[in-house]
Each structure stands twice: as C-alpha cells, then as structure tokens.
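Visitor: Let me begin by handing over the structure; questions about it come next.
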Amino acid sequence: MSTPDRLVTDRERRARLARRHALHPDHRVRDTLAATRAMTVLHATEASSVHLAVQARTDQPVTEVERALYEERSVVKQLAMRRTLFAFPRDLLPAALGSAAARVAAEQRRLVARDVEQYGIAPDGQAWLEQACAAVLDHLGSTGPRTARQLREELPALAGTVTYALDRKYGGTLHIAPRVLTTLGAEGLIVRGRGDGHWRTSRPTWTLGAEWLGAPVTPASSREGYAELVRRWLRTFGPGTLEDVQWWLGSTKTAARTALADVDAVEVGLERGRTGWLLPDDLEEAPDVEPWAALLPSLDPTTMGWKERDFYLDPRRTAYLFDSNGNGGTTAWWDGQVVGAWVQDPEGVVRVVPAPGVDLGADARRALDATAGRLTTWLDGTVISNIYKSALMKGERLP
C-alpha cells in the first residue's frame, strides 16, 4: 500500500475546524442558513440544539433562527442519517431523501409492519401501514397542520399500542401513531412545521411536505445522494477516515467507499497512522488560528461529526462528556479541543465545568467565561432542559 504524500496533523485539523465550523470569533457567519451550510446539517433531535448551534456560529437572535426554519423555510428538519433528525439546507433535501433518508424509511416500514402484526393491531402489517399512511396524508390535506396527538385522536386508522422493554427506563406501552409519522417524515411526505410550544421544546405540527416547501421534492438516486452528502461532509469535516464517513452516513461501508470514489476524494495521512480523505480541490495546508473558545449544545454537529475523535477529544474524557449510547452532551472548547461542559443555574446563568484532569489556564478561563456571558445574555433567562445529559453535566463522579 502506498503512503499518502500529504500529512494533515491534529493541529491543522483543529485549525480547519475553527474556520469551517464558524466557531472562531473571527470566522462566524451571517445567519442561520449560512451556519447550517457550514456544518452540512445541524442536529435537531433536541429542539434547542438547532438554535444553540446557530448562536455559537452567528450573532443572530432566536427570532431569526425561527424565521429561517418556519417562515423562509430555507432550513428544513428531516430524519436521515443514522435515524437522526437534522436541520438541512433546503437544497440538500433531494440528496438526503434519495439516500440516507430512504434507507431509514425502508427500515421503519419493515419494523412498523412487523410490530403491527406482533402486537395484534392487525394481521397484515404492511396493509395496515399503507392504510394508516394514506389516512394521515388525506387528513393533513384537508385539515392542515396537526400535532401528533391531534392526528392520533382524529384518525381511527392510527389506533394501536405496542408494549416492550418494561424493565428499561425507555420501555412501556406506547402508541404506534408516532412511528407512522416518523416513517412518512423519513420519506419526505410530511415535515415538522412550527412547534406547538416554546422553541426549546419538541412538539412539532406535521404538515404535508409539498405544501410546506411549495412543491414536492424529487429524490436523487441513492448513489448520487450519497455522493452529494459525502462531498459536503468532506468540505465541512475533512479530512476524515472511511470509518468516519460510514458512521456519519449510517450506511454500509460499500456505500461510503463508492461515494468517496464518486467525488474523487484523495487519500491523506493522519496522525496515529490513520488514512483520511479530502476533496481534490482542498489539499492546501490550512494555517494556524489564534486560540479560541466556544460553548456548544448537546449533539452539536462539531462534537458529533466524526467517529474517531482523538484529535479534539482526549479519550479519557469521553465517559464524562458522552452518555452510554454515544450521545454528546454540552461541550466547552478551548483552542480546538473539548475541555469540559457547560450548565445553567436556575436563573439561566451559564457556567463552564472543566473535565477532570483539565487545568484551564488564565487565558482559557477568561475566554470561556466571556463566552458563557455571551450565551447567558442570548438565552435571556431561558433554561434549557437537556434530554442527553453527560456525567459531567449531571455532576457525577466516575470510577
């Protein structure tokens, strides 16, 4: 095997991250759409994460984030890679719907149909699901946007429950209706519109996709879709390994390899003997940046952008900053590395919590405190309730 001529050091990768992710104060971008494009997509599983991710990269208030999501609709929430909800730039939807989202939708159809039969809702799960999906689309077409609860109460076709994992915190008896909506959402036939509540909560109203966007979205082919997702991922996160690309896409390794070939990705060397990939027009060495501080929300795309994180996260800190399922909590960054988390007091004041073993110097502490003050002002008393809390956020001590 040949050795790549170009070595991208950890230091250079962190400098790229500072600029391209719009986290360095000198490289922030102008608005919500620009922040979303900079990151390829924003994580949206926690409703507040989209707003907080934009806050870290722009000077926009909450109202402008809401405008982009629900009035301009230049940024659209879509279930896609790894069965995760993201906020996409609108022009990237065809690629997602033809590739990662289609993969998720097919799997959801299989699982919902299986459970409909297994839990006695109907003897033919596929037929039941087809009828339920048609009922939802017809109802939204005649009534307009509806919450999941309204749809369940208004449509007998969505009736039914499943019971599972009673010995686990996430288990119980649950309605099947939300899973039907998830399937239709993955297919792009319905979308999550304006929330029925505060911006920090996730209670969307479901709307027909063609009505929300003004026209149906024509999905790209699977191969074209994966190629476009990888092209944009490399522009944002490159260099990354094959394993990074496969993990981020939630695809097979074959699909990831094919996409890298389709965009003419070039092999480069990484530290620790790893091989990474860059776009062919992106091989020039990135200069250093001045030290910088940032506070990012749970599941921020920078925190969750790579599977292999050693260049920005000391592995000894992972257990303090990620939950047992691999979900990243809030993070505090200094000069391109994760050094802790951030929390709020009951009045909404943001405070940085250094990770065990981290000795913040005076410059880092001063910069992080200023960043915490900026975030406190932006939140204006709003206290964020996180679903995904790390041990550090909860104040837990690990062995």
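The values are calculated or read from the model by the stated rules, or taken from the named source; none is laboratory data. On a predicted model such as this, the values are computed, not experimentally measured, just so you know. All Cβ positions, even for glycine, are placed from backbone atoms using ideal geometry, and neighbour counts span all protein chains on display. What goes into the accessible areas is simple: the full protein's heavy atoms, side chains included, and nothing from ligands, DNA or RNA. Shrake-Rupley method; radii C 1.70, N 1.55, O 1.52, S 1.80 Å.
Visitor: Scan (1) surrounded by fewer than 24 Cβ atoms within 10 Å (Cβ to Cβ); (2) farther than 30 Å from T161 by Cβ for the single condition M39 breaks and write down its number.
Guide: Answer for M39: the failing condition is (1).
Visitor: Those residues that are open to solvent by 50 Å² or more (accessible area, probe 1.4 Å) and out of contact with any Lys or Arg (no Cβ under 7 Å at 6 or more places or on another chain), I need them from region 185-200; list them, please.
Guide: E187, L189, R194, H198, R200
Yes or no, residue by residue, for (1) in a loop (DSSP other than H, G, I, E, B); (2) open to solvent by 50 Å² or more (accessible area, probe 1.4 Å); (3) in contact with a Leu (Cβ under 6 Å, 6 or more places away or on another chain):
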position: S251; (1), (2), (3): yes, no, no
position: T254; (1), (2), (3): no, yes, no
position: R257; (1), (2), (3): no, yes, no
position: V268; (1), (2), (3): no, no, yes
position: P280; (1), (2), (3): yes, yes, no
position: P291; (1), (2), (3): yes, yes, no
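Visitor: Something else about it: Can you tell me how many residues in region 98-107 are more than 16 Å from the chain's Cα centre (by Cα) and hydrophobic (A, V, I, L, M, F, W, C)?
Guide: Going through region 98-107 one residue at a time, the tally reaches 3.
Visitor: Has region 208-227 got any residue that is at pLDDT below 95 and basic (K, R)?
Guide: No: zero hits.
Visitor: Given the residues T182, T143, T205, T161, which is the only one that is among the β-branched types (V, I, T), open to solvent by 50 Å² or more (accessible area, probe 1.4 Å) and in contact (Cβ under 8 Å) with a residue 24 or more places away in the chain?
Guide: The conditions single out T161.
Visitor: Do you know which residues across region 18-31 are part of a helix (DSSP H, G or I) and surrounded by fewer than 22 Cβ atoms within 10 Å (Cβ to Cβ)?
Guide: R19, R20, P25, D26, H27
Visitor: Across region 212-233, what is the total count of residues that are touching a Pro at 6+ places or on another chain (Cβ under 9 Å) and open to solvent by 60 Å² or more (accessible area, probe 1.4 Å)?
Guide: The number of residues fulfilling the criteria is 3.
Visitor: Let me ask something additional. Restricting the search to region 72-123, which residues are outside any helix (DSSP H, G or I) and within 21 Å of L299 (Cα to Cα)?
Guide: Result: V75, V76, K77, Q78, L79, A80, T84, L85, F86, A87, F88, P89.
Visitor: Being farther than 14 Å from A102 by Cβ and either of a type in the set (F, W, Y) or not in a helix (DSSP H, G or I) (or both) is the filter here, so list the residues in region 218-245 that pass it.
Guide: W233, F237, G238, P239, G240, T241
Visitor: Continuing with this model, one more query. What number of residues in region 1-17 are of a type outside the set (A, V, I, L, M) and part of a loop (DSSP other than H, G, I, E, B)?
Guide: 6
Visitor: In region 234-248, how many residues are more than 12 Å from L270 (Cβ to Cβ) and surrounded by fewer than 22 Cβ atoms within 10 Å (Cβ to Cβ)?
Guide: 4
Visitor: Looking only at region 194-224, how many residues end up being out of contact with any helix residue (DSSP H, G or I) (no Cβ under 6 Å at 6 or more places or on another chain) and among the small types (G, A, S)?
Guide: 6
Visitor: Quick one: L166 ticks every box in (1) part of a loop (DSSP other than H, G, I, E, B); (2) hydrophobic (A, V, I, L, M, F, W, C); (3) at pLDDT 95 or above except a single one, so which number is it?
Guide: Just one mismatch for L166, condition (3).
Visitor: Go over the candidates Y226, Y164 one by one and state the one that is over 26 Å from S298 (Cβ atoms) and among the hydroxyl-bearing types (S, T, Y).
Guide: Being over 26 Å from S298 (Cβ atoms) and among the hydroxyl-bearing types (S, T, Y) holds for just one of Y226, Y164, which is Y226.
Visitor: So, one more: For V76, only one of the following conditions fails: (1) buried (at least 19 other Cβ atoms within 10 Å of the Cβ); (2) over 30 Å from T371 (Cα atoms). What is its number?
Guide: (2)
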